[in-house]
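Below: the structure, in structure tokens.
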Amino acid sequence: MPTYEAIILDTETTTNKETPDRPLEVVELAWMPLATPGEGFRRLYKPTMPCTFGATAVHHILPEELLDQPPSSQAPDDLPLAIFWIGHNVDFDWKALSSPRGPRRICTLALSRALWPECDAHTLSAMMYFVNGVNAATRDRLRSAHAATADCEFVLDLLAAITHKTGISSPHKLWELSEEARIPKTWAFGKFAGEPIAAADRGYALWYSRRPDPDPYYLVALRRAGLLR
């Protein structure tokens, strides 16, 4: 399998939210090279646990469609080597694919929130209406939303809009922009929810930093605010 500079990818999984007793398992994987998107890959997989009703309501993949497929554990092996992974909420796909250390993740969800804060929603479907227009053609394309290959194509559209707005097309520069967009400006939870990061005190910042799994981007924000060293 060749090595790519950047791939767009998407997964469909057994659950929408990972828990200790129900880890994410891939039931569909699609990816396409950014440079040559016509060379895409798509495969279904058989999980060890059934899909939740919530997950099934998203991807509409039926249990009988997965019976003769390779195991979910194979999905990470079906990915090519790539420097950059591009996806909408790409961290979810990264976790579902065993959280490999190598790829640099470009999140079009974070970029959409940063570039178009005026949008009332930044889901991939909402962004398709935003960038392609509220019309029958967009609606007809979105009827295949949450199929992994279709979602990769939607991310490609969104990436084109991001490039048009920013003038940035280099995967490395897009990754830098994505990393900056991921750093929160306000608290999304807890005692200071809705307030600027700097509204917290040092005690709260230290408490958060000592949690078992703090968000690394919140830690960057706290350091920038002078609340952590």
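The values are calculated or read from the model by the stated rules, or taken from the named source; none is laboratory data. Note that the structure is a prediction, hence the values are computed from the model and not measured. Neighbour counts are summed over all protein chains in view; Cβ atoms, including those assigned to glycine, are modelled from backbone coordinates with ideal geometry. Side chains are part of the model used for accessible areas, which takes the heavy atoms of the whole protein and leaves out ligands, DNA and RNA. Shrake-Rupley method; radii C 1.70, N 1.55, O 1.52, S 1.80 Å.
Brief remarks on what is shown
- From the largest down, the range 46-90 spans 35, 23, 14 angstrom on the principal axes of its Cα atoms.
- Residues listed by number, the range 1-21, amide nitrogen under 12 Å from L81 label point at 7 Å toward C-beta: 1-5
- Ligands, DNA and RNA are left out, and with a 1.4 angstrom probe the accessible area of the range 118-169 is 53 Å² per residue.
- Each peptide in 54-63, 146-155 was scored by the mean count of other Cβ atoms within 10 Å over its residues; highest first, the order is 146-155, 54-63.
- Charge dipole magnitude, Cβ of K and R +1, D and E -1 - the chain, Cα centre, debye nearest 20: 1000
- For the chain, the residue among I197, P117, P47 whose Cα projects farthest onto the positive side of the dipole built from Cβ charges is I197.
- Largest GNM mean-square fluctuation across D140, D78, D93, computed for the chain with C-alpha springs under 10 Å, falls on D140.
- Contact order relative to length of the chain, as percent, for alpha carbon pairs under 8 angstrom and 6 or more apart: 18
- Antiparallel content of DSSP bridges confined to the chain, in %, to 5: 55
- All aspartates and glutamates inside 17 Å of K17 as judged from Cα atoms, apart from same-chain residues fewer than 8 positions distant: E25, E28, D91, D93, D213, D215
- Shape of the range 74-113, Cα gyration tensor, a/c cut at 1.5: prolate
- Chain lengthening between E176 and D140 when straightened (0.36 nm per residue, less Cα-Cα): 9.6 nm
- The range 23-127: C-alpha gyration tensor shape, a/c 1.5 cut-off, then a/b vs b/c: oblate
- With all protein chains modelled, accessible area of H172 [1.4 Å, Å²]: 70
- For Cα extents along the principal axes in Å, computed directly from the structure shown, the correct entry in (i) 76, 44, 35; (ii) 54, 43, 35; (iii) 59, 39, 34 is (ii).
- In a DSSP loop and with at most 12 other Cβ atoms within 10 Å, the trypsin sites (Lys or Arg not before Pro) in the range 1-99 are K17.
- Carbon and sulfur %, accessible surface of the range 92-176 computed with the full protein complex present, 1.4 Å: 53
- Net charge dipole size for the range 83-134 [Lys, Arg +1 and Asp, Glu -1 on Cβ; Debye, nearest 20]: 300
- Taking chymotrypsin sites (Phe, Trp or Tyr not before Pro) across the range 164-216, the ones in a DSSP loop with at most 10 further Cβ atoms lying within 10 angstrom of their Cβ are F189.
- About the Cα centre, charge dipole magnitude for the range 53-152 (Lys/Arg +1, Asp/Glu -1 at Cβ), debye: 400
- Loop GluC sites (Glu not before Pro), the range 2-36 (other Cβ atoms within 10 Å of the site Cβ: 15 or fewer; DSSP): E18
- Whether the range 91-191 is rounded, prolate or oblate, judged on the alpha carbon gyration tensor where a/c under 1.5 counts as rounded: rounded
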